[in-house]
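None of the figures in this text is laboratory data; all of them are computed from the coordinates on show. This one's a predicted model, so the numbers in the text were calculated from it and none came from an experiment. Positions of Cβ are generated from backbone atoms using ideal geometry, with glycine treated the same way; all protein chains shown enter the neighbour counts.
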Amino acid sequence: MHERTTTVLDAAGLLLLAGGAGAGAYRWLGWAALAVSGLVVLSGSWLAGRSVKGGRT
């Protein structure tokens, strides 16, 4: 149960971070700021996958 809760909180935090980055970039990029949000989510996912494969938890 603890691991699932941690995963849900990590995902929620990542989505909030991506939303904030997209909202901040919207002023300069318009709707292309969605790409900034996508980049934040992809990089967070990549880092999480990399730490799991490396044996770190």
For segment 31-41, just list the computed ³J(HN,Hα) in residue order, Karplus coefficients 6.51, -1.76 and 1.60, θ = phi - 60°, integers in Hz, with x standing in for Gly and Pro.
-> 5, 5, 5, 4, 5, 5, 4, x, 5, 5, 5
With r defined as the distance between the Cβ atoms of His2 and Tyr26 and R0 fixed at 25 Å, what FRET efficiency is calculated, to the nearest 0.05?
-> 0.10
Using a Gaussian network model of the chain whose springs link C-alpha atoms within less than 10 Å, name the residue from Ala25, Ala33, Ala12 with the highest mean-square fluctuation.
-> Ala12
In Å³ per residue, the alpha-carbon convex hull of the chain encloses 63
If contacts are Cα pairs under 8 angstrom and at least 6 residues apart, what is the relative contact order of the chain in percent?
-> 29
